[in-house]
1. Sorted by accessible area (1.4 Å probe), largest first, how do 77, 299 line up?
2. Can you list which of the chymotrypsin sites (Phe, Trp or Tyr not before Pro) found in the stretch 340-444 are DSSP loop residues with at most 16 other C-beta atoms within 10 Å?
3. What do the square roots of 5 times the Cα gyration tensor eigenvalues come to for the stretch 159-251, in whole Å, largest first, as semi-axes of the equivalent ellipsoid?
4. Could you please state, rounded to a whole Å, how far the C-alpha centre of the stretch 255-271 is from the C-alpha centre of the stretch 136-192?
5. Going from the alpha-carbon gyration tensor of the stretch 129-288, what semi-axes, largest first and in whole Å, does one get by taking the root of 5 times each eigenvalue?
6. I need to check one value: relative contact order of the stretch 238-316, counting alpha carbon pairs closer than 8 Å and at least 6 residues apart, in percent.
7. Output wanted: per-residue J couplings in Hz (rounded whole) for the stretch 133-142, from phi through Karplus 6.51 cos²θ - 1.76 cosθ + 1.60, θ = phi - 60°, x for Gly and Pro.
8. Computed from the mean reciprocal separation of all distinct C-alpha pairs, what Kirkwood hydrodynamic radius does the stretch 274-433 have, in Å?
Amino acid sequence: MSTPTPKPIVVDDDDDSSHQGAVDNANCGKMSSKPTGRLKSIVWQHFERKEINGVQKAVCNYCKNRLVARSTDGTRHLRDHMKACLLRRQKVITDRRQKDITQYATPLRTIKHDQGKAKSDAFCFDPNVTRKRIARMIIMHEYPLSVVEHGGFNDVLSSLQPLWKPVSRNEIKKEIMDIYEYERAKKVSALDCNQSRIAITAKMWTVENQSVGYMAVTAHFIDDSWTLQSHLLRFIPVSTPHTAEVVCDTLLHCLMDHNIDRKLSALIVDNCSYNEQMIQYLLLKLGKDDLIMHGQLFHIHCFVDTLNLIVKDGLSVISDAIAKIRDSVSFWSESSKRMEKFEEIAHLLGITSDRKLVLDCAESWNSTYLMISTALQYKSVFSLLEQHEGQYGCLPSEKDWELAHILEEKLKSLYDVIQLFSNVKYPTSNLFFLHVYEIRLSLDDWLSSSFDEIKKLARSMIENFEKYWKDIHGILAVACVLDPRYKMKLIEYYFPMLFGGDFSFHVQRVHSLFKDLANEYQSKCQSSNVNSDLDSSSATLSEFCPYKKHTQFIMLGFQDFIKAKQVRSELDSYLGENVLPLTEDFDILGWWKANMSRYPTLSKIARDILAIPVSTVGSGSAFSTSGGFVSPHHRKLDPNTLEALMCSQSWLRGYLGDLESTSFSGYATFFDEENDHEEYQEVCGES
């Protein structure tokens, strides 16, 4: 006869029974889970009431321990077990984390507006997308590759997305290389599709105490929508010594690799000793027939670099004239104690300038200009300190200050022009003509100065200026003529002041150059269409002319005659029309785009010539004559990684509209940790 089943015990949540439950280690007989009644307490969500060998037991849902569940035992012991059960606590934590993951895995990402109503779309976390975004961040903001292994970096990402798993430096390096290859393919495709000629700037960068340098090669062109484009093509390692042959072969390989060796308009380089010979080698290998005017306009000296050399040489001639100002600045900026005293006196005299004294250096002439400009603002401070500081014995005289004031005015005009020339978003080449001639004319005015030092400076600069003038004025003059606000009028205005009685010869020289250029473009256009003309003429004449071959050449000659007349008419029409009003916001590229149908040949010339810059430098090195210099941090990267970072940064910044300079002065923070060398070896796969 079976034991009668006891009635179920109904216990409230507030049951305070003092009975203590114990774990039943008794016999593990046959169990029955037949329900015995309604259980109201919340603890029964974590226990299952079963009858084991005729005794009511509460079985934990997590650890499966069995506790007594008699009607007289209450639920206090069940609550105590529920709090102490480790498996239950682990389950609670797991459920909570899963809830958080679900919450963060479907955040609201985008807002769509449908008839004034906002809608939200959810997305799932994709670690591949996140890695690519991190790689772009490292490229754009010049972070070290090791940032992905920093604990704080990964803590932030884990707090934002619990599914985030840290990546290694090698993994993020692969993402960077993938971005580089993808963007590079886009650049190559854009160059292939481009129909205009391409100007190339090449600038060398050196690495101290290493047998490798780098060449930054940039392409400049006007695309089919008449937008000026500047794309960094390569940041190429070049082994030393940097001879003309080595540099020529490196550059030629880059041009052929991008399939633009037959589409060049000009090459702009600095004034390194080997560049003249390098250009000659390059012209022989390229073939002059593929170049404008058979290569006569191909080589252009970097005007910013030339102007830096001119000013630097000129200032070296009058270095003694500003010696006392340099000595005064050196004296008061020599120690922090003297600098504090100087700033205190300046404050007492009511001078509120934020500029601090700066000593010039030999490689950057603008530092001399800034030194003089700053010292002039503190002229009264120097005079007062001379009365209270016995060791200060190099106070400039009034004549020294007067000379410094005049010299500052002269140098400021050059300073402003170089800032324009070194703009990263290169302005069209027509803008340079006016500023170049203004500099040249201002040098003539310097010759009439009352100071012998200024005259000496002017003579030195004019001599060097003329040495480079003949090499660049052809391109500048043609670009000026292509500006409908100037045409030949600006040249006819400036040349009498520059060349005196011989001005008409130089004006005619520019006019002839422009005419020859138009004829060359037209002849090349005819040669490209000669086969189609022959075919069309054959089809037309074969129907009624028995002397087919002879008539073809007659008709083609007649067509050439008509086209030559049309070119002359196009050129005369353009030059014969009135110039446009002078406006600063004039869009010359937009004007030529709108007038392509009126001037088909001249518009092709404008598209090629106006894309040519006359400077190779960015704002980061605009005033330096020492060339590009790769910092010690850069040489810790292998060449392929460095090139990928440099090029990708330039390309991505172009897409994002970032106007910051890409002068390759970044990445100074790479590998700046204590174990930088070991990190470099690990990234590069070295032992």
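1. Descending accessible area places them as 299, 77.
2. Sites meeting the loop and neighbour criteria: 392.
3. The answer is 31, 25, 10 Å, longest axis first.
4. Comparing the Cα centres of the stretch 255-271 and the stretch 136-192, I get a distance of 32 Å.
5. 38, 21, 11
6. Here the relative contact order equals 33 percent.
7. For the stretch 133-142, the Karplus curve yields 5, 5, 4, 5, 4, 5, 5, 5, 10, 6 Hz.
8. Kirkwood radius, the stretch 274-433: 18.8 Å.
The values are calculated or read from the model by the stated rules, or taken from the named source; none is laboratory data. These numbers come from a predicted model, not from an experiment. Cβ: placed from backbone, ideal geometry, glycine included. Neighbour counts: every protein chain shown. These area figures cover heavy atoms from the full protein model, side chains too; ligands, DNA and RNA do not enter into them. Shrake-Rupley method; radii C 1.70, N 1.55, O 1.52, S 1.80 Å.
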